[in-house]
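Worksheet for the structure shown next.
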């Protein structure tokens with residue numbers, strides 16, 4: 001079972017993702033894709049660690065190459081978040097490359113190796129603001145990745161002001 005959760009910043013996506021896995025009885029892994037650059041990143045990482053505390057997640061910090069991960073049978077994973085993973089793959093090795101294939105390959109690999117995968121992503125590109133070419137390219141790539149994930153996901157949920165709106169599948173929390 002694969003669930004994609006999307007929405008704007010600070011809308012409750014992470015809390016919802018964790019709630020979906022509350023009742024899971026096997027091992028639960030939290031795949032953290034945010035590379036800690038700058039004070040804001042460290043604050044966000046700490047906030048998410050506190051949110052997960054006592055919820056049984058084993059944290060894996062993996063910023064690129066998700067396809068390298070392996071999981072025990074009957075486990076679950078929460079991937080936080082596709083926006084960070086996209087940027088990490090796009091700007092790796094001081095080179096700008098198309099991240100779409102690498103990100104999708106990694107997510108499909110994780111999805112096929114766990115019983116349940118919950119993926120958090122960001123809704124970008126709908127604000128109508130003109131950005132630099134590099135940022136516009138990132139927005140296009142992330143939009144393409146999100147569309148592909150939504151296509152193969154069993155459930156797609158948009159979180160709006162803490163309210164989960166089911167777009168595809170079933171809401172299990």
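Per-residue answers, yes or no, for (1) more than 22 Å from residue 134 (Cβ to Cβ); (2) surrounded by 12 or more Cβ atoms within 10 Å (Cβ to Cβ):
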residue	(1), (2)
49	yes, yes
61	yes, yes
70	yes, no
75	yes, yes
80	yes, yes
83	no, yes
88	no, yes
91	no, yes
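Would you point out which residue out of 169, 151, 128 is surrounded by fewer than 16 Cβ atoms within 10 Å (Cβ to Cβ), out of contact with any strand residue (DSSP E or B) (no Cβ under 7 Å at 6 or more places or on another chain) and either at pLDDT 90 or above or within 20 Å of residue 24 (Cβ to Cβ) (or both)?
Working: 169 fails: out of contact with any strand residue (DSSP E or B) (no Cβ under 7 Å at 6 or more places or on another chain); 128 fails: either at pLDDT 90 or above or within 20 Å of residue 24 (Cβ to Cβ) (or both).
The unique qualifying residue is 151.
Among the residues of the stretch 66-106, what is the count of those that are touching a strand residue (DSSP E or B) at 6+ places or on another chain (Cβ under 8 Å), under 17 Å from residue 148 (Cβ atoms) and at pLDDT 95 or above?
Taking the stretch 66-106 as the starting set, the residues that turn out to be touching a strand residue (DSSP E or B) at 6+ places or on another chain (Cβ under 8 Å) are 66, 69, 71, 75-82, 85.
Next, only the ones that are under 17 Å from residue 148 (Cβ atoms) stay: 66, 79, 81-82, 85.
Still in the running and at pLDDT 95 or above: 66, 79, 82, 85.
Of the residues in the stretch 66-106, 4 are touching a strand residue (DSSP E or B) at 6+ places or on another chain (Cβ under 8 Å), under 17 Å from residue 148 (Cβ atoms) and at pLDDT 95 or above.
Looking only at residues that are within 18 Å of residue 123 (Cβ to Cβ) and part of a loop (DSSP other than H, G, I, E, B) in the stretch 79-101, which one is nearest to the chain's Cα centre (by Cα)?
Per the stated criteria, the residue is 81.
With the requirement that a residue be assigned to a loop (DSSP other than H, G, I, E, B) and modelled with pLDDT of 95 or more, what does the stretch 27-52 give you?
27, the sole residue that qualifies.
Which of the residues spanning the stretch 24-47 are surrounded by fewer than 17 Cβ atoms within 10 Å (Cβ to Cβ), under 24 Å from residue 88 (Cα atoms) and in contact (Cβ under 8 Å) with a residue 24 or more places away in the chain?
Of everything in the stretch 24-47, just one residue is surrounded by fewer than 17 Cβ atoms within 10 Å (Cβ to Cβ), under 24 Å from residue 88 (Cα atoms) and in contact (Cβ under 8 Å) with a residue 24 or more places away in the chain, namely 35.
Which numbered condition trips up residue 61, out of (1) within 13 Å of the chain's Cα centre (by Cα); (2) at pLDDT below 95; (3) under 20 Å from residue 159 (Cα atoms)?
(3)
Residues of the stretch 1-26 being part of a loop (DSSP other than H, G, I, E, B) and within 26 Å of residue 112 (Cβ to Cβ), which ones?
Hits for the stretch 1-26 are 1, 21, 22, 23, 24, 25, 26.
Please state which one of 114, 120, 110 is at negative phi, touching a residue at least 40 places away in the same chain (Cβ under 8 Å), out of contact with any helix residue (DSSP H, G or I) (no Cβ under 8 Å at 6 or more places or on another chain) and surrounded by 12 or more Cβ atoms within 10 Å (Cβ to Cβ).
114
Name the residues in the stretch 122-142 that are under 13 Å from the mean Cα position of the chain (by Cα) and part of a helix (DSSP H, G or I), would you?
The first filter runs over the stretch 122-142 and keeps only residues under 13 Å from the mean Cα position of the chain (by Cα), leaving 122-123, 142.
Within the stretch 122-142, just 142 meets the criteria.
The values are calculated or read from the model by the stated rules, or taken from the named source; none is laboratory data. Remember, it's a predicted structure, so these values are computed and weren't measured experimentally. Neighbour counts run over all protein chains shown; Cβ positions are idealised from the backbone, glycine included.
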